[in-house]
Amino acid sequence: MKRVLLSGNEAIARGAIDAGVSLATAYPGTPSTEILENIARLGGTKAMWAPNEKIAVEFASGACFSGHRALAAMKHVGVNVAADPIFTLAYTGVKGGLVIVTADDPELHSSQNEQDNRRYASFARIPMLEPSDSQETLEFTRLAFGLSERFDIPVFLRTTTRVSHGKTVVEIDQWQDPSPPVQPSLEKDPRKYVMVPVHARLKHVDLERRIAVITEYAETSPLNRIEMAGTELGVVTSGISYNYVREALPDASVLKLGLVFPLPTQLIHHFASLCRRIIVVEELEPYLEEWLAFIGLRVEGKSLISRFGEIDAGTVIKAMAASGDQAPEVDADGDVPQRPPIMCVGCPHRGIFHLLSKRKIFVAGDIGCYTLAVAPPLNAIHTTVCMGAGINHAAGIEAVHDEEHGAVVAVIGDSTFLHSGLGGVLNMAFNEIPATVIILDNLTTAMTGRQDHPGSGFDVHGNRTRQVDWEVLLQGLGVEHVRLVDAYDLKLLGETLEEEIKRNAPSVIVVRGACMLLRNRPVKIERPYRIDAEICTNCGVCLSLGCPAISRRNASESEKPEIDGAQCTGCELCYQVCRFEAISEID
Amino acid sequence: MAADDRPTNILVVGVGGQGTILASELICHVLMTAGYDVKKSEVHGMSQRGGRVESHVRFGRKVFSPLIVRGEVDYLVGFEMAETLRSLQWLHSGAKVLADTKAVLPYTSQVGEAPYPFDALERIRQQGYELIVVEGEEIASRAGDVRTANIVLIGALARLLPVDRKVWEGAIRDNMPKKFVDTNLRAFGLGYEV
C-alpha cells in the first residue's frame with residue numbers, strides 16, 4: 001500500500017488504466033484537462049486529443065462497440081456538445097465499458113455557465129457516479145467500466161472543480177477487477193447498434209428495463225451508504241458536499257450517495273425513517289431534493305443552501321445556525337485594487353485587440369484566452385456564449401444589417417475554430433455572408449494550459465503529427481479571401497483588417513503568433529525594450545495595450561510609464577504604437 | 001470533532017506566475033510524509049493569467065473539506081503584498097502571517113487609476129496579526145536564483161510547522177528537477193533562518 005497525494009483528475013487517470021482502458025480521449029476544458037494528460041503520461045493505453053467532445057464520445061464508443069473499454073473526458077459544457085450521441089448511446093448500450101467524465105464547474109471559475117450535469121444523467125437515463133475525494137475517484141473510476149459492461153450502458157463519472165483539482169491522500173493498492181473486461185470482438189448486431197425507429201423503439205423500452213435493474217443495484221450498492229450519528233437530523237448529500245456536511249455537522253446522520261442516478265428510493269425512505277428532520281445539502285440544482293420530494297418526503301434543501309456557486313463547510317454551518325437570518329456576504333476587500341486576469345506579457349493576442357479596440361468595431365467573441373480582451377483597457381469582446389458561436393453571431397448580425405456592412409467581426413482561437421468553428425465558416429461561405437472572421441492562431445489550446453490540437457502539429461505525447469493547412473482548409477470551405485498575418489506586425493495587421501472588413505465577400509484573417517507560454521516557442525525572444533523619459537510625453541498609448549510589464553511608477557497618474565526589463569519579452573508592440581519614438585531596445 | 005482534532009489551515013496566496021501552486025504542493029507532500037491527512041484546493045484556468053492565485057492547504061488527523069472556512073486560517077503565506085492584505089478576511093485573530101515584500105501591480109494601478117497599497121505590511125501589523133516579513137527576492141538572489149522566492153517563504157513557514165526540517169529538505173530533493181535542487185535547498189535554508 002502506497003500513500004500518494006493525487007488530484008481527482010490524476011485519480012481518474014490511474015483508475016482508468018487500472019481498469020484496462022483501451023482508448024482514452026478528450027477535448028481540453030477546465031477542470032477536466034489533466035485527466036487525458038495524466039493518462040498519456042502514465043502510458044500503457046491509447047490516449048488521444050479529440051477535436052471536440054462529440055467526436056471524443058463517438059470515438060470512444062466505437063472502441064466500446066468492438067468490446068474494448070474506453071473513456072471520454074470533458075468539462076460540463078462539453079457534454080452539451082456531446083449530448084447528441086450520449087442520449088442515443090443510452091439506447092444502444094455498449095459492449096466494452098464506456099465511461100464519460102463530466103467535470104462540472106460550480107462558481108464558474110473558468111466557464112461560461114455553471115450547469116449541473118447531474119440533470120444529464122436523469123435526462124439521458126445514464127447512471128452517474130459522483131466521488132467525494134481522490135480516493136473515491138480512483139475507486140469509482142475503476143468500478144465504472146465494469147458497471148458499464150454489466151448493465152450494458154455508458155456510465156457518467158461526475159466531478160466538480162474541488163474534486164478534479166483538489167489533492168487528497170490516496171492509498172494505492174493492488175487491485176483485482178471484480179468484473180474483468182469482456183473479450184473484444186467486432187460483431188454486427190443491427191438491432192443493438194442501428195437506431196432506426198423500429199430498433200430504437202424497442203431499445204427505449206429496454207433502456208427503462210436496464211434502469212430498473214440498476215435501481216435495484218443502487219438499493220444495496222456500497223456506493224451508497226448511511227453513516228448514522230444522531231436521529232435529530234439526517235442529511236442526504238453526494239460528491240464534494242459530503243465533506244462539508246461531515247465537517248460542519250458532526251452530530252448529523254448522513255446518507256451519502258455515490259450513485260446519483262438512478263436513485264435508491266427504498267434506501268432513501270429507510271434513511272428518512274431513522275431521522276426526525278431530513279435536509280439535502282447539494283451545490284447548484286435541487287437535484288436530489290426534487291427526487292426526495294417526488295417520492296413523497298418532507299425535505300428542506302434550497303430553502304437552506306443557495307442554488308448559486310460553490311458552498312463550503314461555513315455555508316452549511318450558517319444555513320443550520322440561522323434559518324432566515326443570514327447576513328449578506330460582505331466584500332471585505334476594502335480598498336485593495338481588484339486584480340482581474342489579463343493577457344500575459346508578449347501575448348500574441350494583444351496587437352489585434354489593440355487595433356479592434358481603437359476601431360471600436362463590434363467584436364463577436366469566443367472561448368479562450370482572448371476572451372480576456374473583454375476587460376479594460378482593450379474592451380474589445382462583445383459576445384461570448386459557447387465554443388464556435390462568435391462566427392455565427394457575426395454572420396447573423398451581418399445577414400440582417402445589409403446597409404451597414406463592416407460593423408462586426410468575429411474572433412476565434414485556433415483550437416476553438418477546429419473544435420466547432422468550421423461549420424460557421426461553411427455557413428458564411430454557403431450563404432455568401434460578407435463577414436470577416438479573425439482566427440487567432442497561437443498554435444495551442446492556451447487557456448487550459450497549452451494542449452496540442454490538429455492545428456499545432458503535435459499529439460498528446462508531443463510527437464509530430466499532421467498539421468492543418470489553414471489556407472487549404474478555409475478555401476475548401478468556400479472562403480475565397482484568406483489572409484495570413486504575423487500577430488506582431490501592427491501595420492500590416494491594421495491594413496489587412498481594413499481591407500477585409502470593407503470587402504463585400506466572406507473573408508478570414510489568420511493572425512499567427514505562438515503562445516508566449518509554449519515551451520518550444522518557435523519565435524525567438526528578442527531583447528527587452530525601455531522608455532526614454534526625456535522623450536516620453538506621458539500620452540499613455542503604450543499603457544492602453546494592457547501589458548503587465550508597462551506601468552507608472554508608484555501607481556501614480558502623474559508619473560511616466562516604465563518598462564520592467566525583467567518581464568519584457570521584446571514583442572515590440574509598445575515600440576510600434578509609440579508616436580514619439582520614446583521606446584527603444586535596451587542595448 | 002474534538003477541539004484537538006481541528007485541522008490546521010494554511011492559505012497560500014500570490015499572483016499567477018509566482019509559484020504559489022508549486023509551493024502549496026510542496027507543503028502538502030511534506031505533511032503527507034509526516035503522516036498527516038492532507039487536502040489542498042485551488043483553481044486553475046482563466047484566473048491564473050495574472051490574476052490572484054489562492055491555494056488552501058489543510059492538515060490534521062482527518063480532514064474532510066478541502067476548503068478553509070473564512071475566518072479560520074492559522075497561517076497565511078503571501079507572495080504578493082496586496083494579495084496578502086486582501087486575505088486578512090480569511091484569518092482568525094491569532095493567525096500568523098508570512099509576507100513577502102513583493103508588489104505586483106494590477107492593471108488599474110499600473111496606469112495610475114487605483115492606488116496600490118504599498119503600506120500593506122504596516123496595515124497588517126496594525127491590525128494586530130503576528131507578522132513575519134520576508135524579503136523573498138533579495139534572499140532568493142543570495143541563494144542563487146531570484147525565482148526561488150517562493151521556497152524562501154516555505155522555509156520561513158517550515159520553522160512554524162510541526163515537521164522536522166529534514167523532511168522538508170527531502171521533499172525538495174524529491175519534487176524539484178535535479179539541477180534546481182541545490183539552489184532551492186539554499187533558498188529554503190535562508191528562509192528557515194529568517
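Residue by residue, here is whether (1) within 14 Å of chain B (Cβ to nearest Cβ); (2) basic (K, R); (3) over 21 Å from A:V577 (Cα atoms) holds:
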residue: A:L443; (1), (2), (3): no, no, yes
residue: A:M447; (1), (2), (3): yes, no, yes
residue: A:H453; (1), (2), (3): no, no, yes
residue: A:L474; (1), (2), (3): no, no, yes
residue: A:L477; (1), (2), (3): no, no, yes
residue: A:L490; (1), (2), (3): no, no, no
residue: A:G494; (1), (2), (3): no, no, no
residue: A:E498; (1), (2), (3): no, no, no
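Among A:R552, A:R527, A:R512, which is the only one that is out of contact with any His (no Cβ under 9 Å at 6 or more places or on another chain) and within 30 Å of A:I433 (Cα to Cα)?
On the way: A:R552 fails: within 30 Å of A:I433 (Cα to Cα); A:R527 fails: within 30 Å of A:I433 (Cα to Cα).
Within the list A:R552, A:R527, A:R512, the selection yields A:R512.
For every residue, the table says whether it meets (1) surrounded by fewer than 24 Cβ atoms within 10 Å (Cβ to Cβ); (2) part of a loop (DSSP other than H, G, I, E, B); (3) more than 10 Å from every other protein chain (Cβ to nearest Cβ).
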site: B:V12; (1), (2), (3): no, no, yes
site: B:S24; (1), (2), (3): no, no, no
site: B:K39; (1), (2), (3): no, no, no
site: B:K62; (1), (2), (3): yes, yes, no
site: B:V77; (1), (2), (3): no, no, yes
site: B:A99; (1), (2), (3): no, no, yes
site: B:K102; (1), (2), (3): yes, yes, yes
> Of the residues that make up the range A:498-505, is at least one within 15 Å of A:L440 (Cα to Cα) and in the same structural domain as A:N427 (by TED's automatic domain parsing)?
Replying inline: no
> Taking the range A:545-578 only, how many residues are over 24 Å from A:A380 (Cβ atoms), assigned to a loop (DSSP other than H, G, I, E, B) and within 11 Å of another protein chain (Cβ to nearest Cβ)?
Replying inline: 6
>> Can you go through A:A90, A:A83, A:A103 and tell me which one is touching a Leu at 6+ places or on another chain (Cβ under 7 Å) and farther than 22 Å from A:N463 by Cα?
In response: A:A90
> In the set A:A72, A:A90, A:A83, which member is surrounded by fewer than 24 Cβ atoms within 10 Å (Cβ to Cβ), without any contact (Cβ under 8 Å) to a residue 60 or more places away in the chain and either in contact with a helix residue (DSSP H, G or I) (Cβ under 8 Å, 6 or more places away or on another chain) or part of a loop (DSSP other than H, G, I, E, B) (or both)?
Replying inline: A:A83
> Restricted to the range A:485-516, and to residues that are within 22 Å of A:N392 (Cβ to Cβ) and of a type in the set (A, V, I, L, M, F, W, C), which residue is surrounded by the fewest Cβ atoms within 10 Å (Cβ to Cβ)?
Replying inline: A:A505
> Considering the range A:42-59 alone, what residues qualify as being touching a helix residue (DSSP H, G or I) at 6+ places or on another chain (Cβ under 8 Å), assigned to a helix (DSSP H, G or I) and surrounded by fewer than 20 Cβ atoms within 10 Å (Cβ to Cβ)?
Replying inline: A:L42, A:E58
> Could you say whether any residue in the range A:380-389 is under 17 Å from A:A505 (Cβ atoms) and part of a helix (DSSP H, G or I)?
Replying inline: no
>> Looking at B:H92 and the list (1) of a type outside the set (K, R); (2) under 30 Å from A:S7 (Cβ atoms); (3) surrounded by 21 or more Cβ atoms within 10 Å (Cβ to Cβ); (4) more than 10 Å from chain A (Cβ to nearest Cβ), which single condition is not satisfied?
In response: (3)
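Only one residue in A:F261, A:F294 is over 28 Å from B:F59 (Cα atoms) and either in contact with a Pro (Cβ under 7 Å, 6 or more places away or on another chain) or assigned by TED's automatic domain parsing to the domain that holds A:I214 (or both). Which one?
After applying the criteria, what remains is A:F261.
For residues that are of a type in the set (D, E, K, R) and assigned to a helix (DSSP H, G or I), scanning just the range A:93-122, find the one that is surrounded by the fewest Cβ atoms within 10 Å (Cβ to Cβ).
Filtering the range A:93-122 for residues that are of a type in the set (D, E, K, R) and assigned to a helix (DSSP H, G or I), the one surrounded by the fewest Cβ atoms within 10 Å (Cβ to Cβ) comes out as A:R119.
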> Of the residues A:I39, A:I55, which is closer than 28 Å to A:L6 by Cα and of a type outside the set (D, E)?
Replying inline: A:I39
> Of B:E122, B:E113, which residue is of a type in the set (D, E), within 30 Å of A:K560 (Cα to Cα) and in a loop (DSSP other than H, G, I, E, B)?
Replying inline: B:E113
> Mind checking which residues of the range A:451-473 are among the charged types (D, E, K, R) and crowded, with 18+ Cβ neighbours inside 10 Å?
Replying inline: A:D452
> Does the range A:351-365 contain any residue that is in contact (Cβ under 8 Å) with a residue 24 or more places away in the chain and within 12 Å of chain B (Cβ to nearest Cβ)?
Replying inline: no
> Can you tell me which residues in the range B:64-75 are touching a helix residue (DSSP H, G or I) at 6+ places or on another chain (Cβ under 7 Å) and more than 9 Å from chain A (Cβ to nearest Cβ)?
Replying inline: B:V73, B:Y75
> Are any of the residues in the range B:120-132 β-branched (V, I, T), away from every other protein chain (no Cβ under 12 Å), within 14 Å of the chain's Cα centre (by Cα) and buried (at least 24 other Cβ atoms within 10 Å of the Cβ)?
Replying inline: no
>> Residues to consider are A:G62, A:G67; find the one that is surrounded by fewer than 24 Cβ atoms within 10 Å (Cβ to Cβ), away from chain B (no Cβ under 14 Å) and on the phi > 0 side of the Ramachandran plot.
In response: A:G67
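Rundown of residues vs (1) over 24 Å from A:C344 (Cα atoms); (2) among the small types (G, A, S); (3) not in a strand (DSSP E or B), yes/no style:
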position: B:F59; (1), (2), (3): yes, no, no
position: B:V69; (1), (2), (3): yes, no, yes
position: B:T84; (1), (2), (3): no, no, yes
position: B:S93; (1), (2), (3): yes, yes, no
position: B:E138; (1), (2), (3): yes, no, yes
position: B:A149; (1), (2), (3): no, yes, yes
> Which of the helices (runs of 4 or more DSSP H) contained wholly in the range A:213-322 include at least 3 residues that are among the β-branched types (V, I, T) and at pLDDT 95 or above?
Replying inline: A:313-321
> Looking only at the range A:178-224, which residues are closer than 17 Å to A:S61 by Cα and either small (G, A, S) or touching a Pro at 6+ places or on another chain (Cβ under 8 Å) (or both)?
Replying inline: A:S185
>> It is to be established whether one or more residues within the range B:51-58 are crowded, with 20+ Cβ neighbours inside 10 Å, under 21 Å from B:R125 (Cβ atoms), charged (D, E, K, R) and at the interface with another protein chain (Cβ under 10 Å from one of its Cβ atoms).
In response: no
>> Checking the condition assigned to a loop (DSSP other than H, G, I, E, B) and of a type in the set (A, V, I, L, M, F, W, C), which residue from A:V485, A:V437, A:V411, A:V460 passes?
In response: A:V460
>> Step by step: first the residues of the range A:128-158, then only those that are within 14 Å of chain B (Cβ to nearest Cβ) and surrounded by fewer than 24 Cβ atoms within 10 Å (Cβ to Cβ), then the one that is nearest to A:L223 (Cα to Cα). Which residue is that?
In response: A:E136
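The values are calculated or read from the model by the stated rules, or taken from the named source; none is laboratory data. No experiment lies behind these values; they were computed from the predicted model shown. Don't worry about glycine lacking a Cβ; one is built from the backbone with ideal geometry, like all the others, and counts go over all protein chains shown.
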